[in-house]
Amino acid sequence: MSARDYVEKDYYAVLGVSKSSSAAEIKKAYRKLARRFHPDANKGDPGSEERFKEISAAYDVLSDATRRKEYDEARALFGAGGFRVPGAGAGGNVHFDVGDLFGGSGGGGGGLGDLLGGLFGGAGRRTGGPRRGLDIESEVTLAFRDAVEGVTVPLRLASPHPCGTCHGTGAQPGSTPRVCPRCEGTGSVARGQGGFAFAEPCRECRGRGLLIDNPCPTCRGSGVTTRERTLRVRIPAGVADGQRIRLKGKGEPGERGGPGGDLVVLVHVRPHQVFGRSADHLTLSLPVTFPEAALGASVKVPTLDGSPVTVKIAPGTANGRTLRVRGRGVPRKDGTRGDLLVTVEVAVPGELTQAGREALSAFATAQPDDPRAALNAMDSHD
């Protein structure tokens with residue numbers, strides 16, 4: 001995407017959000033549209049493919065706080081069409097490079113200065129430089145055990161890539177682009193307005209600096225095609241639901257030798273039927289009988305790795321008490337593991353046999369404790 005497109009394209013409208021939308025609202029809108037227009041869901045539909053690229057480009061800018069601020073500033077300056085310098089003399093023309101107002105000359109530092117230099121800069125020094133590829137966001141859903149222990153998963157991605165037919169030139173094989181005669185390859189021309197002169201993108205070549213007389217039949221002169229690829233991505237042990245993993249350089253390829261963007265993988269974790277998670281600890285509810293809680297017992301407890309452990313229930317253990325099994329939780333970065341937290345739940349029989357009923361009646365007579373004595377005493381003093 002050219003720098004002019006960057007300024008003129010309303011990324012907020014692309015995602016269907018307002019300029020005041022929060023980061024969470026922008027993310028929600030992007031994910032909804034990305035699912036709708038993803039190439040995998042619209043096989044053979046070039047319109048959906050282009051819409052997906054447009055949505056991805058908009059989210060790449062608006063999801064990054066720094067880039068969003070630069071984009072808003074650029075549109076505030078140039079969205080109305082033109083840049084004016086107040087207070088200049090009425091005599092001669094003042095020719096300047098807008099990029100120099102916001103950034104240094106040369107280099108690939110990025111930022112608003114590079115953007116404006118690419119949009120209005122002289123001699124095309126920024127438009128011809130390397131450009132970092134866009135970031136790509138993908139999602140993966142993992143089983144609970146795989147999220148805890150780590151797993152390698154295949155990810156199928158569809159992203160822009162240099163055209164294999166023309167090798168990114170945009171020209172039909174056997175032909176080459178020619179230098180634009182109007183801007184002499186700089187991608188910009190000087191235009192006078194009032195007492196000033198400033199550079200603007202060349203309309204003849206649309207800021208590219210080159211003209212293509214015989215467009216490539218595969219990419220239609222853009223130099224870019226969408227390619228599907230499969231990456232094997234290692235998900236580290238201990239990843240949590242909703243966590244994002246950033247893989248450097250695995251996003252869209254850079255332009256003109258620039259570095260690739262990043263691949264950002266959003267992880268979803270399916271719940272487990274037995275285990276839960278609290279930070280670096282695994283959690284488990286352990287049903288015990290009333291005699292086990294009252295008299296004490298040794299009870300086997302399952303672990304996520306399949307090897308059970310034995311926990312001791314102390315005599316008189318109350319319902320809801322949590323026992324700790326050290327080192328049987330989630331792996332940490334330092335090589336240690338969290339714990340397994342076992343919460344005791346005293347199970348009450350839904351039905352009693354006649355012998356059980358008689359035994360409990362005898363117990364109530366032999367052990368006449370009143371667990372509500374403190375509550376009753378409080379009521380009597382009110």
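Since every read-out is calculated from the coordinates, none of them should be taken as a lab result. Treat the numbers as computed from the prediction; the structure is a model and nothing was measured. We place every Cβ from the backbone using ideal geometry, glycine too, and count neighbours over all the protein chains shown.
For segment 276-368, the convex hull spanned by the alpha carbon atoms encloses 109 Å³ per residue. Remark: H161, H268 ranked as H268, H161, counting other beta-carbon atoms within 10 Å and listing the fewest first. A Förster radius of 56 Å, combined with the Cβ-Cβ distance separating R227 from T365, puts the computed FRET efficiency at roughly 0.10. The relative contact order of segment 276-368, computed from alpha carbon pairs under 8 Å that lie at least 6 residues apart in sequence, is 32 percent.
Quick check: net charge around S22, other residues with Cβ under 13 Å of its Cβ, Lys/Arg +1 and Asp/Glu -1?
Numbers: positive: K19, K27, K28, R68; negative: E25.
Here the charged neighbours net out to +3.
Between H161 and S278, the contour length at 0.36 nm per residue exceeds the alpha carbon distance by 38.0 nm.
Legend: residue pairs K9/K69; K32/K250; K9/K53; K19/K69, Cα-Cα distance threshold 21 Å; pairs beyond threshold, K32/K250. Protection proxy ranking for 295-303, 368-376, 258-266, 33-41, using the average of other Cβ atoms within 10 Å per residue and placing the highest first: 258-266, 33-41, 295-303, 368-376.
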